[in-house]
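First the structure, in the form of structure tokens, and then the observations on it.
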Amino acid sequence: MAPQLYLITPANADPARFPAALMAVLNAAEFSALLVARGTMAETAYAELAATVVNIGQGAGCAVLLEDDIALARRLGADGVHVTGGPAALKAAIAALKPAMIVGAGNVPSRHDAMTAGEMDIDYVLFGPIDGQPDSGAIDLAEWWAQTFEVPAVLSLPDATPDSADARGAEFLALSQSLWSAASPGQAMQAIAAALEASA
């Protein structure tokens, strides 16, 4: 069975130019979730980008998640948050948002970190970087987690291509910079979607 798709926006995306690329990718395949990556954006710029992405993503049927910003997620009507700050930050997000909204855990570099997160009332654990170089250790962690635990796994492969887009048993495959750096993000997504369908 093909994994569900999870899309991560580029770090420091340009709020003016990014929506066209985002819509092209969302039109090319069906995504279950969409994370608005923060990068090094200032609060105002991130809020502007997030407001745009929430509108576009929810219009395309995605659950839109913000990175580590509970108050902004509530204010913009996002679907939840992706938490990278460890157990204390996860507890705060769960207390503030569950059960009405989604809380996902990221930045889990070890089995111990993943199990600590997985014991909480979270909706998924994401393995791998939001952007940057892929992490072979994260691929192994995602495969182990998917075989062992019921909390869904998201495997992030920033450099995914039609040949390498393998979720390794994880319920979700997260795609990001290989799409945004392509000459045509929509066509790049179509090629990956076709490869996933063929191997399902």
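Laid out as a table, the results:
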item: Loop-resident sites, region 15-120, for trypsin sites (Lys or Arg not before Pro), counting at most 16 other Cβ within 10 Å (DSSP); result: Arg17
item: Net charge of neighbours whose Cβ lies under 11 Å from the Cβ of Gln177, counting Lys and Arg as +1 and Asp and Glu as -1; result: -2
item: Max mean-square fluctuation residue, GNM over the chain, Cα-Cα springs under 10 Å, options Ala16, Ala60, Ala93; result: Ala16
item: The chain - mean residue ellipticity at 222 nm from DSSP helices (-39,500 (n - 2.57) per run, n ≥ 4, rounded to 500); result: -13000 deg cm²/dmol
item: Total formal charge among the other residues, if their Cβ is under 14 angstrom from that of Gly85, Lys/Arg +1 and Asp/Glu -1; result: -2
item: Highest-MSF residue in the chain out of Pro158, Pro134, Pro99 [GNM, Cα springs under 10 Å]; result: Pro99
item: Formal net charge of residues neighbouring Leu72 (Cβ-Cβ distance under 14 Å; K, R +1; D, E -1); result: -3
item: Inverse mean reciprocal Cα-Cα distance (Kirkwood Rh) of region 98-200, Å; result: 14.2
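Just so you know, all these numbers are worked out from the coordinates, no wet-lab data involved. The structure displayed is predicted, hence computed values, not measured ones. In this analysis, Cβ positions are derived from the backbone assuming ideal geometry, glycine residues included, and neighbour counts consider all displayed protein chains.
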